[in-house]
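Working notes, beginning with the structure itself.
The values are calculated or read from the model by the stated rules, or taken from the named source; none is laboratory data. From a predicted model like this one, the values you see are computed outputs, not experimental measurements. Every residue, glycine among them, receives a Cβ derived from its backbone with ideal geometry; neighbour counts consider all protein chains shown. Keep in mind that these areas ignore ligands, DNA and RNA; they rest on the heavy atoms of the full protein, side chains included. Shrake-Rupley method; radii C 1.70, N 1.55, O 1.52, S 1.80 Å.
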Amino acid sequence: METIVSSVAPPNIALIKYWGKRDDLLKLPLNDSVSITLDEKTLASTTTLVLGAKLGKDRFILNGKEGPDSHIAEALLLIRRRLGKKYPLIKKPVLLLSSNNFPTAAGIASSASGFAALAQAVAAAFGIKDKKEISILARLGSGSASRSVFGGFARWKAGRNKDGNDSHAVQIAPRSKWPEVVDVIAITNPERKKVSSKDGMERTMRTSDLCHCRLGIVGKRADAVTRAIRSRDFSTMATLTMRDSNAMHATMLDTWPPVMYMNDISRAIVYAVHEYNEKSGQTKAAYTFDAGPNAHIITTRKEAGKIARMLKKIPGVQRVIMAGVGEGSKAVETPKKTKQLLKRLLS
Ligand code: DP6
């Protein structure tokens, strides 16, 4: 008999970014990062994991397409290494089905939601309840995924240990602390990025002088953003968010050869947000960009409609998606459609 488990996990948006590793394989970061977990009803990966079936080899079906995936294969290898002794079943071939409720082509990072969902499914299979452990399992897939395990606002502690056992996320505030926060996402380029986060950050660490300057101040900024979240101080949170996004992208430009993820439309959005805040006489919105040109505008429910209208007017903005604060990864019933598909696949 095989074990079949399913899970759902959302992406998250980092206010204080992770850009640089102290261990490439285990994905141990050089600095703490802080993020908002997005609402799983708007954006999520749903994953089903089958363990113990007579499969012969690992099989991955992503968004309906079956094929090899070196990133998932590496994550599984690391998860097996970590859990194999205690849970030998994980060493057997697995069937993994995962799909996103948002178009993969929208350019929204799916590795955070995808690997948090995988970790949550593995945890469900073996009855692992400790969120810290689930966060570590997610981190082995993609660093940023460690934060999607927790709902509300999360901080991924860089840790110091070589084995990474102290490098996991913690919740700094639940959703209920600040449910009015919204991420208004402007899609400016739905294509896949040319340089992956993994390669980009490795190159920045190797060649940028500026990145050492950012690493010197980012810990203090993570502390300050944590305090701002806990005291619902929007303007401090917003200012630090914009400054850390700019600082990270500055280190990318300082990389040799440079990595540039933002485009002219992203820059037009930066100016528009500053103008919006200036006209409001208050910092009511903050932009932040990951390793791509799509803008995340952090604001409140009250402002979100106005911000969306402003973004839609900017030439080149193709689509606007609004996501609130979410509850993090969780185990779910296997969807009916997946059960039917599994019947065919496993017969
Ligand atoms: C810019 O988590 O995708 O989004 O650990 O190599 O898989 P790997 O990288 P990944 O990097 C995310 C970088 C970022 C900032 C952030 O989310 O903190």
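Side notes on the structure shown:
- Test result for Leu25, within 16 Å of the ligand (Cβ to nearest atom) and not in a helix (DSSP H, G or I): yes
- Residue match in the range 220-233 (condition: within 14 Å of the ligand (Cβ to nearest atom), among the basic types (Lys, Arg) and either more than 23 Å from Lys157 (Cα to Cα) or at pLDDT 95 or above (or both)): yes
- Against the numbered list (1) without any contact (Cβ under 8 Å) to a residue 24 or more places away in the chain; (2) closer than 16 Å to Ser245 by Cα, Glu275 comes up short only at (2).
- Hits in the range 173-194 - residues which are within 16 Å of Ser144 (Cβ to Cβ) and open to solvent by 20 Å² or more (accessible area, probe 1.4 Å): Lys193
- Asp23 of a type in the set (Asp, Glu), closer than 26 Å to Asp209 by Cα and either open to solvent by less than 40 Å² (accessible area, probe 1.4 Å) or outside the structural domain of Ala145 (by TED's automatic domain parsing) (or both): no
- For the range 100-127, residues that are modelled with pLDDT under 95 and under 23 Å from Leu345 (Cα atoms) total 2.
- Any chance Ala247 is aliphatic (A, V, I, L, M), within 16 Å of the ligand (Cβ to nearest atom) and either under 25 Å from Leu210 (Cβ atoms) or without any contact (Cβ under 8 Å) to a residue 60 or more places away in the chain (or both): yes
- Residues within the range 198-241 that are assigned to a loop (DSSP other than H, G, I, E, B) and crowded, with 22+ Cβ neighbours inside 10 Å, tallied: 1
- Only one of Ala145, Ala158, Ala112 that is surrounded by fewer than 24 Cβ atoms within 10 Å (Cβ to Cβ), within 12 Å of the ligand (Cβ to nearest atom) and within 26 Å of Met242 (Cβ to Cβ): Ala158
- The set of residues in the range 48-88 that are open to solvent by 30 Å² or more (accessible area, probe 1.4 Å) and under 17 Å from Ile136 (Cβ atoms) comprises Glu74, Leu77, Arg80, Arg81, Arg82, Lys85, Lys86, Tyr87.
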